[in-house]
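Read-outs: derived from the displayed coordinates by stated rules, not from any lab. Remember, it's a predicted structure, so these values are computed and weren't measured experimentally. A quick note on method: Cβ atoms are made from the backbone with ideal geometry, for glycine too, and the neighbour counts reach across all protein chains shown.
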Amino acid sequence: MLAWRDRLEALGIQQPFKQAWREIYPLTEAEVNTAVYSNRMAAHFLKQHQFNSLAALRGWKYSLRGWKYSLLGAYDDGRDGEIARKALPSCKLEAQFWINEILDDNDSFNDVGIWLYIATDQVRFNNEAGQAVPLADVPKLIFSEVMRDVDLFVGVASVGNDPTWQDGGPNERPDYRDYWQTYSFGDLNELAKTRKTVLRRLLPRLKIKDVAHIDGKFLVVDGKRHSYKIHIGSGNILIAPDDKYLCIVPGRGKDKNLAKTFLPFEGDSGLSIVLSKAFMLAEDDKITDKTILSQL
């Protein structure tokens, strides 16, 4: 695998999706103990519309037959949860990712009554008879690819990736705020671990190589004003040494620095965000945005 990565980089070949860098998810001891379900991706808060769009792209869907809506909503349909499903006909299985409504009194739904956020729960596999299948009996490749899908959903749609969530999000819910803090600066998931490996290989070739280094779960950048710790998973930033939070919302345009940077694969927007923020903060004396300057 390492030789494959080296060869592709030497040839300057960018893969349209991860192959040489693809994450692998072996069964954990906890999943062996729970037998028929995994809690590895449980207890996350996701933006429902973003999750729904990404799930559809990966062949997942959630809706009840006969119901008008495929998204969980505040309308009274008797549900407080749902199951996102993916058919796996090659092995006669169905993957399931359980999700739940987040019920509160803060009107966290849009104009047509769709909940803006959902909470994640178990991952399971059922056979054609609708019976739960022990995770140990699921083919290893199938299990890994399903868990990779779910990790992708969390890694992209989690509210922990939102830099504006510092004060608990629009509704100031303590559980949102606590989750945001834990996710934003917590342990790296498998997707972020791959990102860290890529960054480690990229840094020696970047113009910021002399002022940036990796320290655990952070890309640390020494600017002219401060040193900054960019979380490799969420892209959120702390100002050293006091770990003061710095809110920088990614711009819509493409960073000119990234246009000159070879990335080994497409599709990891988080990697682009981390690098874009690193380039900016390495030259923090050139920042003109008043919102950012007021925080420095």
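Descriptive notes on the structure:
- P(r), alpha carbons of the range 190-293 - 10 Å bins starting at zero, rounded %: 15, 54, 29, 3
- Calculated FRET efficiency, Asp242 to Ala30, Cβ-Cβ distance, R0 = 41 Å: about 0.70 to the nearest 0.05.
- Each 10 Å bin, from zero up to the one with the longest distance, holds this percent of the alpha carbon pairs of the range 1-53: 17, 25, 28, 26, 3.
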